[in-house]
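Participant: Questions regarding the structure given below will be posed in turn.
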Amino acid sequence: MDVRAQFAMVMNLEKCIGCHTCSVTCKNMWANRKGTEYMWWNNVETKPGTGFPGSWEDQEKYKGGWEKRADGLKLKLGGKTKLFTRIFYNPDQPSMKNYYEPWTYNYSHLINAPDSKTQPTARAVSQITGEYMEIENGPNWDDDLSGSSKYASNDPNLDDREKKLLKELESVFMFYLPRICNHCVNPACVAACPSGAIYKRGEDGIVLVDQEKCKSWRYCVSACPYKKVYFNWNTVKSEKCIFCYPRTENGESTICSKSCVGKIRNLGVILYDADAFAKAMDSEDNDLIEAFKQAILDPNDENNIKAAESSGINAEWLKAASNSPVYTYIKELEIALPLHPEFRTFPSVFYVPPLSPVMAAAEAHEEIPSDADLRIPVKYLSKLFSAGSESVIEGVLKRLLLIRKYMRAKGLDEKAKLDEITDNSLLTKEQIEKAHRLFTQAKPDERFVLPQTFRAEAGEPYENQGLTGLGIKGKKGLRK
Ligand code: SF4
Ligand code: SF4
């Protein structure tokens, strides 16, 4: 067993109100410099929708992530030899049209305009060319399903029936999906970088770009299936979310988590077995979630603690792992899932899928209704969060329903019903109470449990750069 520690996040999509506060605070903190105008290290998308950059989930177009082939796991983009042979030609990346042309407004005209019969206006000015421009796209252009016939209906996760449903207003479903870099356990961006400029820190799993070493090849942009590496046109270097490491190294929450209005974000440490992950990556799509969960270790198990200690994980981190809300969501309650696990990068950011519109249908049927009766179809959620496995999503929705039903019965003092509800094999009474507390009442010190980073004890961060995200202690990774 090869135990590693990883910072991880869980976002509860039930509670996201789509206010974009997280995006704005992140941008103000990290991406407000020349060359970063179009970057949103944190962005919030409306689903269904094509997201930012447009159609990022379409790997036939962008060729991001990993592919399971007969001879093992390979970058969809191609092997290192192929990348080197076309190093000066990299067409598999979004263009400015797929992002948007960043703009500001000519505010000075409002003050300096000469006298006229009409009010002066502040016209949009391109931040690239400095010329006046017409705004045709933006980072949340399809917010709240605006222009859904053009944008939402092109969501690659929708099947034909769901596309038809979108046209009937009463059947429209939507929810918000906030996204950051997933600080993947097996990051395709690290594997694709010809310069070895991207690396995954051994002590906390944060994925960073060395600005000195970046040579502008942009294969990280292509290989990341989540399109969470951005190219700075001013410095000609790649940039990405840094998991607020100057804050998290000191035990502080990321700024998107701190500012989140809906309090949807939870931060913590997970311990995982790198050997088990290497095998998990090779699982069939339907088995991926279970294999991933198996690789995440119980931080309170004696054997795991001993193995973690012998891997150099210190007591403060083990204590944090033992109190990790992220572990609780993923393994104890089994209600948090990674986004697009079939990309096989294995994200360290997890989501509690949204339930709200399911509730009315579920109440009528007393259990999870059929796909056709749900406003957020199970099939759609499965394409996002379980590599197409509908049984995984049904399991999560059943648990979420149980929590709701239990808390409502408790609120109404229906004691008999409480026993009936807890007579199940999914969640105990204690687990339901724990979930409810995390959802509704948990204070920041319960939602954000981060130890201080042991940077001084960490080894050379470049040890396995360019090979794999799994390797930091000399283990051979997935990439040959
Ligand atoms: S592959 Fe994963 S770690 Fe790399 S930029 Fe994309 S989301 Fe982040
Ligand atoms: S701040 Fe929180 S609630 Fe608002 S959009 Fe971001 S994740 Fe959602």
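The values are calculated or read from the model by the stated rules, or taken from the named source; none is laboratory data. What you are looking at is a predicted structure, and each value in this text was computed from that prediction instead of being measured. So basically every Cβ, Gly included, is an ideal-geometry build from the backbone, and we count neighbours across all protein chains shown. For the accessible areas, the whole protein counts, side chains as well, though only heavy atoms, and no ligand, DNA or RNA atoms are used. Shrake-Rupley method; radii C 1.70, N 1.55, O 1.52, S 1.80 Å.
Participant: Taking the condition touching a residue at least 40 places away in the same chain (Cβ under 8 Å) and either open to solvent by less than 40 Å² (accessible area, probe 1.4 Å) or within 24 Å of Ser23 (Cα to Cα) (or both), does Glu134 pass? Can you show your working first?
Facilitator: Values: touching a residue at least 40 places away in the same chain (Cβ under 8 Å): no; either open to solvent by less than 40 Å² (accessible area, probe 1.4 Å) or within 24 Å of Ser23 (Cα to Cα) (or both): yes.
In short, no.
Participant: In the set Met1, Met39, Met11, which member is open to solvent by less than 10 Å² (accessible area, probe 1.4 Å), in contact with a strand residue (DSSP E or B) (Cβ under 6 Å, 6 or more places away or on another chain) and within 30 Å of Ile305 (Cα to Cα)? Steps first, answer last, please.
Facilitator: Values: Met1 fails: open to solvent by less than 10 Å² (accessible area, probe 1.4 Å); Met39 fails: within 30 Å of Ile305 (Cα to Cα).
Exactly one of Met1, Met39, Met11 is open to solvent by less than 10 Å² (accessible area, probe 1.4 Å), in contact with a strand residue (DSSP E or B) (Cβ under 6 Å, 6 or more places away or on another chain) and within 30 Å of Ile305 (Cα to Cα), namely Met11.
Participant: Just checking: which of the helices (runs of 4 or more DSSP H) contained wholly in the range 280-358 hold 3 or more residues that are over 30 Å from Asn42 (Cβ atoms), modelled with pLDDT of 95 or more and of a type outside the set (Gly, Ala, Ser)?
Facilitator: Details: elements: 288-295, 302-310, 315-322.
Helices (runs of 4 or more DSSP H) meeting the threshold: 302-310.
Participant: Moving to a separate point now. Out of the range 26-36, which residues are open to solvent by less than 20 Å² (accessible area, probe 1.4 Å) and not in a helix (DSSP H, G or I)?
Facilitator: Step one: of the range 26-36, the residues open to solvent by less than 20 Å² (accessible area, probe 1.4 Å) are 26, 31, 35-36.
Answer for the range 26-36, where residues must be open to solvent by less than 20 Å² (accessible area, probe 1.4 Å) and not in a helix (DSSP H, G or I): Ala31, Gly35, Thr36.
Participant: Of all residues being in contact with a strand residue (DSSP E or B) (Cβ under 7 Å, 6 or more places away or on another chain) and more than 9 Å from ligand 1 (Cβ to nearest atom) in the range 193-202, which is nearest to Gly312 (Cα to Cα)? Just the residue, please. Please lay out each step first, then the result.
Facilitator: So in the range 193-202, the residues in contact with a strand residue (DSSP E or B) (Cβ under 7 Å, 6 or more places away or on another chain) come out as 197-201.
Going one step further and asking which of them are more than 9 Å from ligand 1 (Cβ to nearest atom), we end up with 197, 199, 201.
On the way: Ala197: 25, Tyr199: 19, Arg201: 14 Å.
Among them, the one singled out is Arg201.
Participant: Then there's this: Against the condition buried (at least 19 other Cβ atoms within 10 Å of the Cβ), touching a Lys or Arg at 6+ places or on another chain (Cβ under 9 Å) and more than 22 Å from Pro325 (Cα to Cα), how does Tyr406 come out, does it pass? Steps first, answer last, please.
Facilitator: Details: buried (at least 19 other Cβ atoms within 10 Å of the Cβ): yes; touching a Lys or Arg at 6+ places or on another chain (Cβ under 9 Å): yes; more than 22 Å from Pro325 (Cα to Cα): no.
Judged against the criteria, Tyr406 is not a match.
Participant: From the set of residues in the range 14-25 that are more than 25 Å from Glu334 (Cα to Cα) and open to solvent by 50 Å² or more (accessible area, probe 1.4 Å), which is nearest to ligand 1 (Cβ to nearest atom)?
Facilitator: Val24
Participant: Against the definition (modelled with pLDDT of 95 or more and either farther than 22 Å from Gln452 by Cα or assigned to a loop (DSSP other than H, G, I, E, B) (or both)), how does Lys258 come out, yes or no? Even if it seems obvious, please write down each step before you answer.
Facilitator: Details: modelled with pLDDT of 95 or more: yes; either farther than 22 Å from Gln452 by Cα or assigned to a loop (DSSP other than H, G, I, E, B) (or both): no.
When the stated conditions are applied, Lys258 does not pass them.
Participant: Is the range 196-208 home to any residue that is open to solvent by 30 Å² or more (accessible area, probe 1.4 Å), at pLDDT 90 or above and away from ligand 2 (no atom under 16 Å from the Cβ)? Steps first, please.
Facilitator: The initial filter retains those residues of the range 196-208 that are open to solvent by 30 Å² or more (accessible area, probe 1.4 Å), namely 199.
Those left that are additionally at pLDDT 90 or above: 199.
Filter again for away from ligand 2 (no atom under 16 Å from the Cβ), leaving 199.
So far as the range 196-208 goes, yes, one or more of its residues are open to solvent by 30 Å² or more (accessible area, probe 1.4 Å), at pLDDT 90 or above and away from ligand 2 (no atom under 16 Å from the Cβ).
Participant: Among the numbered criteria (1) over 27 Å from Ser126 (Cα atoms); (2) open to solvent by 20 Å² or more (accessible area, probe 1.4 Å); (3) of a type in the set (Asp, Glu), which one does Glu57 miss?
Facilitator: Evaluating Glu57 over (1) over 27 Å from Ser126 (Cα atoms); (2) open to solvent by 20 Å² or more (accessible area, probe 1.4 Å); (3) of a type in the set (Asp, Glu) leaves (2) as the failure.
Participant: Could you check the range 159-184 and list, in sequence order, the residues that are at pLDDT below 85, open to solvent by less than 30 Å² (accessible area, probe 1.4 Å) and either closer than 24 Å to Pro225 by Cβ or among the charged types (D, E, K, R) (or both)?
Facilitator: Residue satisfying the conditions is Glu162 alone.
Participant: What pairs come out if I take residues in the range 324-348 that are of a type in the set (Gly, Ala, Ser) and pair them with residues that are away from ligand 2 (no atom under 16 Å from the Cβ) and assigned to a helix (DSSP H, G or I) whose C-beta lies under 7 Å away, six or more apart or interchain?
Facilitator: Matching pairs, first to second residue: Ala336/Ile330.
Participant: Still on this structure: Of these, Lys263, Lys227, which one is modelled with pLDDT of 95 or more, in a loop (DSSP other than H, G, I, E, B) and within 16 Å of ligand 2 (Cβ to nearest atom)? Before the answer, list the steps.
Facilitator: Values: Lys227 fails: within 16 Å of ligand 2 (Cβ to nearest atom).
Being modelled with pLDDT of 95 or more, in a loop (DSSP other than H, G, I, E, B) and within 16 Å of ligand 2 (Cβ to nearest atom) holds for just one of Lys263, Lys227, which is Lys263.
Participant: May I pose another question? Take the range 236-254 and flag every residue that is modelled with pLDDT under 95 and open to solvent by 10 Å² or more (accessible area, probe 1.4 Å). Can you show your working first?
Facilitator: Going residue by residue through the range 236-254, those that are modelled with pLDDT under 95 are 245-252.
Those that are modelled with pLDDT under 95 and open to solvent by 10 Å² or more (accessible area, probe 1.4 Å): Tyr245, Pro246, Arg247, Glu249, Asn250, Gly251, Glu252.
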